[in-house]
Amino acid sequence: MLRRLVVVFLVPLLAVLLLLGSATAWSATRSIQQAFSAEQLGDLGYFAASARQALRSGSTTVIDAEVQRFHEVYGTEVMVFDLAGGIWAAGGAADRVLADDEAARVRLALSGRRADAPEPVFPWMLAESSLAEPVFDDGDVIGAVMVSADVDAPRTQILQQILLLSIVSILAVGLGVLLVFQMARWVLSPVRRLDEAMVAIERGAMDARVSEDTGPPELRRMTRVFNGMADEIERVMTRQQEFALNASHELRNPLNALLLRVEHLSTGLGKEWQGDIEETREEGRRMVRILETLLGLARGGRADTAVSAVDLSVLAARRADAWRDVAAQRGVRMQAGAEASVMSVTDRTIVESALDAVIDNAVKFSPADSVVVVEASREGDLCRLTVRDHGPGLTIAEAASAADRFWRSEDSGETPGTGLGLAIATDLLESIGGALAVSSADGGGLVVALVLPDGADG
């Protein structure tokens, strides 16, 4: 917007300055030209009167001396011609050869035609300005006078005027640009304050506000609406943080009590139960990690990620085993892929939570006697955790919207759910640089892939 305002203000300003500068330069040039023309015509009239008396008397002594002195003082050549066109008096320049245009002017003057006004004296003109005037005696032409003036002086004056006007124009343009930028900043200052406040809120400074008593009336209403919106966002965020803090804190006590009971029960069970007990312990520890992550989010607005090397194949197998009993209640079998180790440097808790959300969705929509396959694979620098089910599947358009919050397929029917599972998985993966890909599977069903960087460069 700043660029647009500068263009809007600056273009008319430069156009006005250009027009004014051009008009002033032309006026100064014409003024110098007119002064030069008047001076040259005055000299021509003066010498025409002197030449009349000299031609009457037939003596060149007086006019020769006058012409010579005039040339020495002013650098202007004056030549007097007789009726035959010969040089009669020239102040020592009688041997000068006339140019064609000068000879033509002399012939016109001897025919009785008076001199035309001098041609414009522009800086690019290098020739002298010559004028010829007939000399009359009782109405008869008895000779002619030609004045040849050097145009260096007026040309220098014109160049000085143009240079001065150019300097003034450059200074005016610079001042105009400065004023335009200052004006544009002043006009945009309320918008800039709104933008700075929004950036501050985006970075976590929820108390950022904009003063409502500054700026034009059109923006004050926008400022009030923005401040009200920021207040509401701050209230909602505070409530969410308080809820997450209270919930995670209250859940820790019963979880710790549950883990203690598991340890107590393990002492009275035989060795054949040790596998189930260890799985229960691992699930309890994973819930503790999730609660710690939730507490970190509630306290500081973000979780402290614990990045480590994770074998995704092992993780997939463990999560498939953890969901086997839940899936069996719906008649669904869980199967883990048998691919070799797939290592990724990532946050185990976040990946497990995202994978659980995807598995829960797959088990929920899979028909009885079907299989949900969880496996890990590598594609170049990316690792993939895929969950493949044999449910009703989705169309291409539906798959593109499957990760949106609260979205549910029209074919979901009475299946319970909120439409948040895949959306939560997407948010979790994005926090560690991953992504969620949803696509239809060959033969029916759905393939949901957790795409993760291998983290080898980090």
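The values are calculated or read from the model by the stated rules, or taken from the named source; none is laboratory data. As the structure is a prediction and not an experimental result, all values here were calculated from the model. Neighbour counts run over all protein chains shown; Cβ positions are idealised from the backbone, glycine included. Just so you know, the surface numbers come from the protein's heavy atoms only, side chains and all, with ligands and any DNA or RNA stripped out. Shrake-Rupley method; radii C 1.70, N 1.55, O 1.52, S 1.80 Å.
Odds and ends about this structure:
- Count of the range 55-98 residues, restricted to those that are touching a helix residue (DSSP H, G or I) at 6+ places or on another chain (Cβ under 7 Å), crowded, with 17+ Cβ neighbours inside 10 Å, among the aliphatic types (A, V, I, L, M) and assigned to a helix (DSSP H, G or I), is 1.
- Some residue of the range 254-273 being within 30 Å of P453 (Cα to Cα), modelled with pLDDT of 70 or more and part of a helix (DSSP H, G or I): no
- Boolean, A399 is over 22 Å from R333 (Cβ atoms), open to solvent by less than 20 Å² (accessible area, probe 1.4 Å) and at pLDDT below 80: yes
- Subset tally (residues that are part of a loop (DSSP other than H, G, I, E, B) and surrounded by 18 or more Cβ atoms within 10 Å (Cβ to Cβ)) for the range 338-386: 3
- Residue under evaluation T214, criteria (1) open to solvent by less than 60 Å² (accessible area, probe 1.4 Å); (2) modelled with pLDDT of 70 or more; (3) β-branched (V, I, T), criterion not met: (2)
- Residue within the range 417-436 that is among the small types (G, A, S), modelled with pLDDT of 85 or more and open to solvent by 40 Å² or more (accessible area, probe 1.4 Å) present: yes
- Among residues of the range 310-335 that are buried (at least 19 other Cβ atoms within 10 Å of the Cβ), those with a beta-carbon under 6 Å from a residue that is in a helix (DSSP H, G or I) at least six positions away or on a different chain give the pairs V310/R348; R319/L355; W323/I359; A327/V363; V332/V363; M334/A320; M334/R324; M334/A327.
- Listed by first and then second residue, the pairs with beta-carbon distance under 9 Å, at least 6 apart or on different chains, first residue in the range 429-445 and free of Cβ contacts under 8 Å to residues at least 60 places away in the same chain and part of a strand (DSSP E or B), second of a type in the set (K, R) and surrounded by 14 or more Cβ atoms within 10 Å (Cβ to Cβ), are A437/R384.
- Boolean, V151 is closer than 20 Å to L20 by Cα and buried (at least 18 other Cβ atoms within 10 Å of the Cβ): no
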